[in-house]
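The next block holds one structure in the form of structure tokens; read it before the comments.
Just so it is clear, none of the values below were taken in a lab; they were calculated from the coordinates. Everything numeric in this text was worked out from a predicted model, so none of it was measured. Neighbour counts run over all protein chains shown; Cβ positions are idealised from the backbone, glycine included.
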Amino acid sequence: MKLNLWVRMEINSMRDWRASLVQDSNGNFSQCRTAIIDITENKRAEETNSLLASIVESSDDAIIGKTLDGIILSWNSGAQKIYGYTADEVMGKSISILVPQPKQMRFPDPPKS
């Protein structure tokens, strides 16, 4: 019987050590399987994602993520400053809320003769 007990220990910033214990039919531990996994690429990807996220969030420009259907998925602080909506107010809504409605004529109709 294999006991799915995973012990995960970070050896250094680029490697993980994992162990799996296996029990025999009497419940005694009979095997210990270990692995050292190189996670260099995962760590670099996490660092890159973190850097890009901080750039987007600290930008004074409006950076808005949306689906192909125009539903807002992400909204940075620059978008909040420019449009005046918080992220909570626009998340999940259509991007069309940012397009102003056509202005109605403010002039009276010309006199009829």
Give me, ordered by chain and number, the residues 5 or more places off Gln23 or on other chains with an amide H under 5 Å from its own placed amide H. Lys2, Leu3, Ser30
Multiply the residue separation of Met91 and Gln31 by 0.36 nm, subtract the distance between their alpha-carbon atoms, and state the gained length in nm to one decimal. 16.6 nm
So for R0 = 30 Å, FRET eff. of Val56-Arg15 from the Cβ-Cβ r, to 0.05, ends up at 0.50
